[in-house]
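Structure record follows, encoded as structure tokens.
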């Protein structure tokens, strides 16, 4: 189930029968659907910024990748996608800084549409300055990998571990979500409508107090994939008497 459009940031809920009104304040921390720029230009997010950007904005349904395959249509409305086309011995990194650190009492939600076309693996996840593994100078803390055999795995900086019950299909779009409350030892990963709770971080990290970045990378050489609709928000809940 997809959430409301990006611009709808405040949701009001009435708790019955206590008659306590709980307001959820949703703060945008990153958003890029690649529609702000022309084909072949560097992407410019509406919120947040890129710390490292390697890849190409392409026209949905037009042009071809390095395999000669036509770029797919957008998973939602839109005319553009982001192509991560890594030739042999070269990776592609697309790492974004949040507009502000996600910290304190609340939930970070990172959403992205991904498609793996061929070969090695495509990765996405969260990064914290508290620790993890530095990739191209950026610290990554939660890493999820789409593998060529259709498995979804967590990566701890040394090896991949399959996630039971979650999978993807080569050449098909799938929507992914990570939800994390800073300071907790677990996070929720969703692939489509299937959700699971994980406690796998990179390195010796067991929890972090802040999230500073989100990312989509090729995990190895000779990987071709696409991303679209990257969104990160932070939700805080405040109780107030009506």
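The values are calculated or read from the model by the stated rules, or taken from the named source; none is laboratory data. Remember, predicted model here, so these are calculated numbers, not experimental data. With ideal geometry, Cβ positions are generated from the backbone for all residues, glycine too; neighbour counts draw on all protein chains shown.
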Selected residue (only one of 197, 161, 177 is in contact with a strand residue (DSSP E or B) (Cβ under 8 Å, 6 or more places away or on another chain), part of a strand (DSSP E or B), modelled with pLDDT of 95 or more and farther than 22 Å from residue 233 by Cα): 161
In the range 40-85, anything in a strand (DSSP E or B), surrounded by 14 or more Cβ atoms within 10 Å (Cβ to Cβ) and either touching a helix residue (DSSP H, G or I) at 6+ places or on another chain (Cβ under 9 Å) or without any contact (Cβ under 8 Å) to a residue 24 or more places away in the chain (or both) is listed as 59
Where the second residue is surrounded by 14 or more Cβ atoms within 10 Å (Cβ to Cβ) and part of a strand (DSSP E or B) and the first is without any contact (Cβ under 8 Å) to a residue 24 or more places away in the chain and on the phi > 0 side of the Ramachandran plot and lies in the range 173-194, which pairs have Cβ atoms under 9 Å and are six or more apart or on separate chains? 192/166; 192/174; 192/175; 192/176
Of all residues making up the range 204-219, the number that are in a loop (DSSP other than H, G, I, E, B), surrounded by fewer than 22 Cβ atoms within 10 Å (Cβ to Cβ) and modelled with pLDDT of 95 or more: 4
Kindly provide the set of residues from the range 86-102 that are assigned to a strand (DSSP E or B) and surrounded by fewer than 21 Cβ atoms within 10 Å (Cβ to Cβ), ordered by number. 97, 99, 100, 101
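Does residue 129 count as in a strand (DSSP E or B), surrounded by fewer than 17 Cβ atoms within 10 Å (Cβ to Cβ) and touching a residue at least 40 places away in the same chain (Cβ under 8 Å)?
Values: in a strand (DSSP E or B): no; surrounded by fewer than 17 Cβ atoms within 10 Å (Cβ to Cβ): yes; touching a residue at least 40 places away in the same chain (Cβ under 8 Å): yes.
So residue 129 fails the test.
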List the number of the failed condition for residue 6; all other conditions in (1) closer than 17 Å to residue 217 by Cα; (2) at pLDDT below 95 hold. (1)
Hey, residue 123 more than 12 Å from the chain's Cα centre (by Cα) and either farther than 18 Å from residue 215 by Cα or part of a strand (DSSP E or B) (or both) or not: no
Among the residues of the range 10-26, is there at least one that is modelled with pLDDT of 95 or more, surrounded by 13 or more Cβ atoms within 10 Å (Cβ to Cβ) and closer than 26 Å to residue 121 by Cα? no
Scan the range 133-149 and tell me whether some residue there is in contact (Cβ under 8 Å) with a residue 12 or more places away in the chain, touching a strand residue (DSSP E or B) at 6+ places or on another chain (Cβ under 9 Å), within 21 Å of residue 82 (Cα to Cα) and in a loop (DSSP other than H, G, I, E, B). yes
So for the range 169-192 (the condition being surrounded by fewer than 16 Cβ atoms within 10 Å (Cβ to Cβ) and within 15 Å of the chain's Cα centre (by Cα)), does at least one residue qualify? yes
